[in-house]
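The values are calculated or read from the model by the stated rules, or taken from the named source; none is laboratory data. Every value quoted in this text rests on a predicted model; they were computed, and no experiment measured them. Heads up, the Cβs are rebuilt from the backbone with ideal geometry, glycines too, and the neighbour counts pull from every protein chain shown.
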Amino acid sequence: MKYSDTQLNQVIEDVLASSKYRHVAPELVSIVAKQELENQKDLKSAIKETRNRLHQSAGAYLNATPPYAKWRAQMELCDGADALRSASLEWMQAHASTRERLPILSDFYSSVLANIPVPSSIVDIACGLNPLALGWMGLPAGVRYIACDIYADMTQFAADFLTKSGAQGAAMQCDCVTNPPEEAVDIAFILKFLPVLEQYRRGATLDWLQRINARRMLISYPTKSLGGRGKGMAENYEKRFLDAIASTDWQIEKYLFENELCFMVTKGELGT
Ligand SMILES: C[S@@+](CC[C@H](N)C(=O)[O-])C[C@H]1O[C@@H](n2cnc3c(N)ncnc32)[C@H](O)[C@@H]1O
């Protein structure tokens, strides 16, 4: 339908007024709202579809808004790395992506980072609660760790966590589909985000990956849906990924875990 600025503002305000989406980046809500105003027949359907799409790409991973104030109080009481690690195990349960990774966490980073030089700078794109896994990554103290996601409250907690952990951290709210971080880093973590990117922009994977300013990219896909079904998912995602990057000379190493398929991508020659 044709729409006015007033109608656009109405959709944005309505969506941001709900407790589930009030911490989501308004610029992302605006992009999705514009598309749905164009696609839908009336304002009510545009609001409904905008919410649906935000649910699919972000809301579905959180059962409820995590109790960040309570976590912050717990974090202040954590004395030392072991206490922080055991609290993190609890907190990471709140996001489906980190929750699914918990059973393989002790293997995950030690395997995928084993064959590359230890990174001293990282961007964690669409991070969810993954920065809380820092204690399992084997990174040097003072590592530069930049994390971003569309939730302001989540990235604020991640920023506080990184400070508490002694990282040279920064975490910020950002629409990574439109504006992925530009800072040059050793490695970008792009964990389980490419299917989400494709929900916003079908066919965008290669162009988007080419914009990532990192020598290496750790890319992963889920091998089971949020509902627990997984037949053929790993094979389908592997094919889609390899087809998307077929025209590049990137080096790929594949790691298959129980519920996550990973690719360590090196843009250029290996071993440097
Ligand atoms: C499948 S989860 C992956 C989370 C994390 N990378 C991990 O694997 O633990 C997708 C994440 O993308 C975030 N997200 C969705 N749309 C986004 C956008 N446009 N910009 C940044 N983050 C976004 C969601 O909030 C969610 O945390």
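Restricting attention to the range 149-163 and to residues that are of a type in the set (Asp, Glu) and more than 9 Å from the ligand (Cβ to nearest atom), the residue that is surrounded by the fewest Cβ atoms within 10 Å (Cβ to Cβ) turns out to be 153. Just to be sure before I move on: is residue 204 more than 15 Å from the ligand (Cβ to nearest atom), farther than 27 Å from residue 160 by Cα and touching a helix residue (DSSP H, G or I) at 6+ places or on another chain (Cβ under 7 Å) in the structure I sent? Answer is no for this residue. Of the candidates 76, 90, the single residue that is assigned to a helix (DSSP H, G or I), away from the ligand (no atom under 16 Å from the Cβ) and either in the same structural domain as residue 137 (by TED's automatic domain parsing) or within 23 Å of residue 163 (Cβ to Cβ) (or both) is 76. Against the criterion of being at pLDDT below 95 and either farther than 24 Å from residue 182 by Cβ or assigned by TED's automatic domain parsing to the domain that holds residue 186 (or both), residue 229 qualifies. If only residues of the range 121-148 that are free of Cβ contacts under 8 Å to residues at least 60 places away in the same chain and assigned to a strand (DSSP E or B) are counted, the one that is farthest from the ligand (Cβ to nearest atom) is 144.
Here are some conditions: (1) touching a residue at least 60 places away in the same chain (Cβ under 8 Å); (2) within 10 Å of the ligand (Cβ to nearest atom); (3) of a type outside the set (Asp, Glu). Residue 180 meets all but one. Which one does it not meet? Single failed check for residue 180: (1).
Of all the listed residues (24, 32, 11), the sole one being buried (at least 18 other Cβ atoms within 10 Å of the Cβ), of a type outside the set (Asp, Glu) and farther than 19 Å from residue 149 by Cα is 11. Taking the stated definitions as given, is residue 118 within 13 Å of the ligand (Cβ to nearest atom), out of contact with any Ser or Thr (no Cβ under 8 Å at 6 or more places or on another chain) and either under 21 Å from residue 255 (Cβ atoms) or aliphatic (A, V, I, L, M) (or both)? No: the conditions fail for residue 118. For residue 118, the conditions (1) closer than 28 Å to residue 225 by Cα; (2) free of Cβ contacts under 8 Å to residues at least 60 places away in the same chain; (3) not small (Gly, Ala, Ser) all hold with the exception of (1). With respect to residue 168, is the statement that it is free of Cβ contacts under 8 Å to residues at least 24 places away in the same chain, away from the ligand (no atom under 16 Å from the Cβ) and assigned by TED's automatic domain parsing to the domain that holds residue 114 true? No: the conditions fail for residue 168.
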